[in-house]
Structure formats: C-alpha cells, structure tokens
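Notes follow the structure.
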Amino acid sequence: MKKYIIIYLVGILALTSCNSKESRSFVLTPKEAAKANSQTNIISPQLLGDIYYSRNNTTIYQFIDLRTPQVFENGHVKNAINIPFRTMTRNKSCRYFLNQDVINIIYGESTEQAIFAGFFLQQIGVKNYFIVLGNYDFIKDNIIDHYNVYSAHYNPEIAQYDYARIVAETAGARNYASSPKAAKPAATFKRKKKSAAGGGCD
Amino acid sequence: MKKFDVIYVGLLLVGAFWAFVINSANDEPIDRVQPCDLLDIVSQTDKYMTTDELARRLMSDDPTLALIDLRSKTEYDKYSLTGATNIPLENVLDDEYVDIINQDIQTVVFYGNSSDLAAKAWMLTKRLGYQNSYILKGGLNRWVETILRPREPQETASRVEFERYSFRKAASSYFGGGSALGESTTTKRLSAPIKRKKKSAAGGGCD
Amino acid sequence: MKHIKLFKGILLVFIAFAFSSCTETVLDSKQATINLPQITDQSDAIVNFFNNSGDYINGENSPYLISVDEVKENIDKYLLIDTRYHEDYVLGHIDGAINVDREMIIDFLKSINIYQYEKIIIIDNTGQGSAYVTSVLRAIGYGSAYGMKFGMSSWSKVFADRWQKNVGDKYANYITKEEFAKAPKGKIPVFKTKGQSISEILELRAKEVINYNFSVTVDNLIKNIDDYYIITYWSKANYDIAHLKEAVWYQPKKSLNINVDLSTIPTDKKVVIYCNTGHRGSSVAAYLRILGYDAYNLRFGVNSFIHKEALVNGWHAYIANEKVNDFDIVIGENPSKEKKAKANTIINPDLNFKHREVIQPDPSEVCD
C-alpha cells in the first residue's frame, strides 16, 4: 500500500506543480521590481495612432485586449486578440506574451489593469510589450473614432491641480499664504505685425 | 522496495530543504506567491479605497490608517495628505520601511497623483503576501475632484448622491484651508508598527 | 512483482516529467522599440487617414466654432489663445487670453498640459482666422480646439468695425442662377515631407500651412477670376437661389471626402471656397491646404458682396446689433487683470474629457 501512496503523492506533485500553467517564475526580485523604470513600456497616444493607422503594412504589432470575452465581443481594436487578465499565465495565452517575433500592445478595461499586466510581465522578464494607459474607450474615442491624440487626457499620474493652492482656496485659507507662480510664456509667442499684411485674413 | 521509498522520501526532503535554503539565503523579502497566483490575487482581491471612505476615516481620526505617499520628495513637500509618510515607489520595499508596509494591524493606503504608482506598490505587497494594503482610487487628482471640490449633483439625482454631496462638502471644509499641508505634518510618525508574524507554509507552488 | 515494476517505471516517468517540464527555458526578451515602415505615398496615406479617423472636416460639428457667450460663461475652464497681432492684443483682449502667434501655436500647445482644459479657444479679429487655425489643429489631433465665432469683433464693440466695414453689395451684379458642373474626377495633390509616420507628416504639413495667408478678398477674386476654381459651400437650395458666376456647388459635410467628390477639385488651379460668413470657408481651406491644394477662403463670404441678398434669404447676414457684445476686455500686455496668466493656474474641470460636442440643429444646412 505504501508504494501506491508514494506513487500517488509523487504523481500528484508532478501534476500539480506543472499542469496547465506556463512555468515562469519571477525574474526581478520584488526590490528590483520596485526600482525598475516604469516609463519605458508605456506607449504614447501619438505612437499608438501611428501604429493603428499604418498597421495594414505591418503585422509585427499585436494588440492584446485584457477585458472579459463578453466586453470584447461588444467592440475591440481591429485584429486584437482577447486574453482576459486572469488567464494571462495559462499556457495558451502565455505563448502570445512570450512570442518574441511580435511587439504586443496591451490594453484593458482600465489604466490600472494595463499597469498590472505590464508590471507583471516586467517582473517575469518579458520586455517586448507596450501598455496603453486609459482603456479601450480611450482608444476608441481618441484614436479610432476621432483622431484626438493631443487633447485627450492620457497620463493620469501627472498632477492635475496645484494641490496646495486648491487647499488654500478651499474654505477660508488659514495659515497658508498662497504663492502663485509668476506668469510665464507670452513673450516668445508674440505676433508682430508684418509690414505688408496683404489682405490679412484675420 | 523499501530502498526506493527511502530514496524518494529523502529526495523530496532534500528538495524542500534546498528550496527553503535558497529562498532564505537571500536578503530579499521572500516571494509568497507564484506568478500565476499573483494574477488571481490581483483580480480577486479588494484593491481600492475610495476617496470618500478615506475622508470618512481621516475625519474620524482613525488611528489604524497608514497613508503612504509614493511620489517623489519634491511633490510630497508641496502637498500631501495629513499624516502621510513619503516613500517613493522605488524605495517602498527598502528595509527601513518594511515595518510600515508589512503589518496587519494598520490599513496601508497607497497613493500618488493617480492610481498608477499605487497599483504597482500594491501589486508588490501582494507578491510578498502582505495584508491590509489598498490603493486610493484615483489618487490625489480624484481627491481634489471629489473631496476638495465636490460637484453638486443634478436636481434629478438620487438621494444617495445628495447625501454623498453633503458629506463631501463637509469634508471639503474639513480638509480645506491649509489644514492638510505636507510641511506641517511630515514630523508625524506612524504609531509603533506591529510586526506581522511569518506564515508557516509558503503556499502551494503553481508553476 | 511485475505490477510493482510497472509502477516504478511510471513513477520514474512522472519524476522525469516533473523536473523536465518545470525547468524553464531562459527567455531572451529584448526591450521593444517601435519602428514603423516608411510611408511611401504620403498624400495618399493622409487622405485615407482623414477618411478612416472620423473624417473631421465632414463631422457633425464641423467647423468646430463656439459663441462668445459660451466662452464668457466658461472662461475659467477654457484655455484662451489670442492669435491676433500683438498690437491688437495690447488694445484689448479677453481676461486670461494668451497672445500666441499662429506659427507658434503648435509648439506652444506642446509645452503645456492642454488636457487640463476642457476646450482650447482660438481667438482672432473676425473668426475666420480662428476657424482656419482650429481646422489645422483638429486635423493633427487637437480635438478640444474651437474657434471663437466672429472673433473679438463680436466680443467687444471696440473691435466691431473689423467685421462691419467689410460688409457690402459691391458685386451684386456678379451673381447668377445658372448651374455649373464640377470638374471631372482627377488626382489628388502630391506632397512629400520628411515625416516618417502619420503624426509626423501631419505636424509638418500643419506647420507649413498654419501661417499661410489663406484669405482672398472679393475684389481680388473678381479681378483674377480665371485663376480660381470657385466652390460654393452650402446647401443646394441656397446655391439655386444665387451664386457667383462660375461657382460650383459642393455639399457641406459630405462632398470633400475622398470617396465622394474630393478628387474633382483641380490641383493645378487656385481654389476658393465661400459660404455665408467665411468661417466654414476658412475651415475647409485649411483642410484642403493640408492635403496640398492651393485653397483660399473668400473673406467674409457672401456678406462681402451680396449682403442685401443674404439679408433677404436669411443667409447669416451680418447684423452688427445681433453680433456685437460689450464684454470686458483687458488692455495691455498682461494676459489678466490680476497680473497672472490664467493659463498658468492648473485647472481641470473634467477628467473624463470626451471628444463629442453638443449637437447643433440641422448641421448640414448651417453655413457660417
């Protein structure tokens, strides 16, 4: 009987440790991951637009959609493949991320999801990817349906407000002297009247 | 037959011991989860604390809150939340901060200007198996939009929204007026952190 | 005993499996860089890009104008860019407006976080320059740009004459009901820039055309009328009532698409577009210029030569009493009375900024 139990145990061990999941372990230690450069794998909206609109000529860029299949069905970037976030490490999906012949452009249902995915790949040593901040709606509204790559709000990690000033302005600024920054640009952008404004159009 | 049994059992024991030695020989914090489990944890665990919830707890002087500002020192010096500790993301796992980040008495809330930095720090804590950490949803930008400058709901809005708005207005006057300036509060230290007990099993491997 | 051997065998296979499959291959992953293939036919690429990316010039809200009243109401949420000559700016400008030369606008916008502002308002004297610049900006991806209708002449009576004095009936005898056919379909203009990608090509084209003197007065047009291919850019019904001799009808928000009638516009002639007030003409001229056409706007549209006819037919005839307001202006170099530029304070009214605008009534008939 003992033998059977042992065989059974080892078998289970072998199966559980290796079944159905790609055997990847972390390449970066947690500390290394914390210090890793976070900006290199974020794609700008302009580049995203350039890729999107020249994709007919190239197959090297693979869009990956991390949302659930149901949402994916309702609309996605053309030719994107659907790999729901949780299934990223399954053997089937893992292939796509480990494939070094393409560059993966990853987007999800939110900025955070894309960041989680990107940060995860970074930690297991995959580098040939870019993540899209924002989400699918961002791509749809500002790249696909309209071309609005500059005005669209993209990098949320930038401070949107002068926090200190707002706090000072909110409800009776006590103990706080606001120090508004001096006015800047004007000078360099001024427009001089040209000599012969020939039928000027303004 | 018995020889075989002994060999196998022996092998397993040596293997387990070896794995343990390798892991603990490193001065790095020990990974508590395997990559594939991490994704499950990330997608299943409760990640966020809303700005409303944070405001509520700050206003009630909740002593169990540990606020971690992940931005650079410069940004932190300009403005941060009351009582926050500044730990830039790259230092978040440094030994000197481990007692703040890794403990299960206080609730650790990570934030930056938005959720990006916090998401990363949070993911690392999950990789190390730390408990009780949250992402401030939307970060300081959302804090301004919802708490400092709340928007009045439409007249047709539900009662819940009006209640939320009146709460936010109250919060706005509580946090406004320079009472939450970074400079004045940097001295405040967290109450003695309590070390988290090491868990026995390293959790089933999954690769 | 044979059974046991069998089990041993299986056991060994299991162990072998366990170890072999768990030994991971080292992944040699390189930091990805993006190298897009060279675009060979740039003109074709840009025309198709416009068609595929929402076709902004034929969009529902084209030509993307905003009334002075709306600007006044939301002054704190908008970034105001005054593109007039500095001399005019000093005479008076809207509180907070920053004086930026047309050719500097793209660089200026890149230097600030523009998504902090709900809208970017382009201001000039008459609204036509604003419409032109707005159209250029929209083409290259500034989806929050708007031109201020009728410009400063509508904001303050100080500048009202900039419009008023250009209204007239000088060429009332030059109009006809006779219909002229579009030119046959041909090629689109060819241009080549140093740009590698769509966004680079767009920006280079935009910088080339943004400061162009794109307007032609009705006097100059009539004098050299043979040099021009004249486009009447409003509804067919209005075209049938009266139009300039030789003028061809193109349908607003439809005709100027590559799949419709864009290629009927000749590439070897000057092209002039006119409508009611010159706003839409300017917007379209900018679009055509980016595509390489030698396109112009007829200054002040029909108001400049058949104002009475415009009054009778309800063609947005310019009536000073309706258009001119008396809003506050700031005199001098400083953008704002408080001696600080409003654009420098960080404000962001809406994080979830969306491209879509308020829908205006029956847009295809409106010709500004």
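Values as computed for the structure displayed
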{"read-out": "Matching residues in the range C:241-270 - criterion: being under 15 Å from C:V218 (Cα atoms), surrounded by 21 or more Cβ atoms within 10 Å (Cβ to Cβ) and of a type outside the set (G, A, S)", "value": "C:H243, C:L244"}
{"read-out": "Matching residues, the range C:47-61, being within 11 Å of the chain's Cα centre (by Cα) and part of a helix (DSSP H, G or I)", "value": "C:Y56, C:I57, C:N58"}
{"read-out": "Single condition A:K31 does not satisfy, out of (1) modelled with pLDDT of 80 or more; (2) under 21 Å from A:F130 (Cα atoms); (3) touching a Pro at 6+ places or on another chain (Cβ under 9 Å)", "value": "(2)"}
{"read-out": "Scan of the range C:285-337 for residues that are under 27 Å from C:G96 (Cβ atoms) and either β-branched (V, I, T) or more than 14 Å from chain A (Cβ to nearest Cβ) (or both), ordered by number", "value": "C:A320, C:E322, C:K323, C:V324, C:N325, C:D326, C:F327, C:D328, C:I329, C:V330, C:I331"}
{"read-out": "Residues located in the range A:39-91, provided they are within 16 Å of the chain's Cα centre (by Cα), of a type in the set (F, W, Y) and under 22 Å from A:V149 (Cβ atoms)", "value": "A:Y52, A:Y61, A:F63"}
{"read-out": "Test: residue in the range C:139-149 that is in contact with a strand residue (DSSP E or B) (Cβ under 8 Å, 6 or more places away or on another chain) and over 30 Å from A:I139 (Cβ atoms)", "value": "yes"}
{"read-out": "Matching residues in the range B:77-106 - criterion: being in contact (Cβ under 8 Å) with a residue 60 or more places away in the chain and more than 19 Å from B:I147 (Cα to Cα)", "value": "B:D77, B:T85, B:N86, B:L93, B:V98, B:D99, B:I100, B:N102, B:Q103, B:D104, B:I105, B:Q106"}
{"read-out": "Helices (runs of 4 or more DSSP H) wholly inside the range B:46-149 that include at least 2 residues being closer than 29 Å to B:V33 by Cα and within 8 Å of another protein chain (Cβ to nearest Cβ)", "value": "B:116-127"}
{"read-out": "Residues (among the polar types (S, T, N, Q) and buried (at least 19 other Cβ atoms within 10 Å of the Cβ)) located in the range B:74-84", "value": "B:S80"}
{"read-out": "Residue ID - surrounded by the most Cβ atoms within 10 Å (Cβ to Cβ), chosen from residues in the range C:182-226 that are facing chain A (nearest Cβ under 9 Å) and among the β-branched types (V, I, T)", "value": "C:I198"}
{"read-out": "Helices (runs of 4 or more DSSP H) enclosed by the range C:74-164 - at least 2 residues per element that are facing chain A (nearest Cβ under 8 Å)", "value": "C:86-91, C:105-110, C:128-139"}
{"read-out": "Unmet criterion (only one of (1) within 15 Å of the chain's Cα centre (by Cα); (2) surrounded by fewer than 17 Cβ atoms within 10 Å (Cβ to Cβ)) for A:N99", "value": "(1)"}
{"read-out": "Residue in the range C:61-71 that is of a type in the set (D, E, K, R) and either at the interface with chain A (Cβ under 9 Å from one of its Cβ atoms) or touching a Lys or Arg at 6+ places or on another chain (Cβ under 8 Å) (or both) present", "value": "no"}
{"read-out": "Complete set of residues in the range A:24-48 that are more than 8 Å from chain B (Cβ to nearest Cβ), assigned to a helix (DSSP H, G or I) and not aliphatic (A, V, I, L, M)", "value": "A:E32, A:P45, A:Q46"}
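Matching residues to (1) farther than 20 Å from A:D50 by Cβ; (2) in contact with a strand residue (DSSP E or B) (Cβ under 6 Å, 6 or more places away or on another chain); (3) modelled with pLDDT of 90 or more:
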{"position": "A:N79", "(1), (2), (3)": "no, no, no"}
{"position": "A:I83", "(1), (2), (3)": "yes, yes, yes"}
{"position": "A:R90", "(1), (2), (3)": "yes, no, no"}
{"position": "A:E109", "(1), (2), (3)": "yes, no, yes"}
{"position": "A:A114", "(1), (2), (3)": "no, yes, yes"}
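The values are calculated or read from the model by the stated rules, or taken from the named source; none is laboratory data. Everything numeric in this text was worked out from a predicted model, so none of it was measured. Quick reminder, even Gly has a Cβ in these numbers, built from the backbone with ideal geometry, and neighbours come from all protein chains shown.
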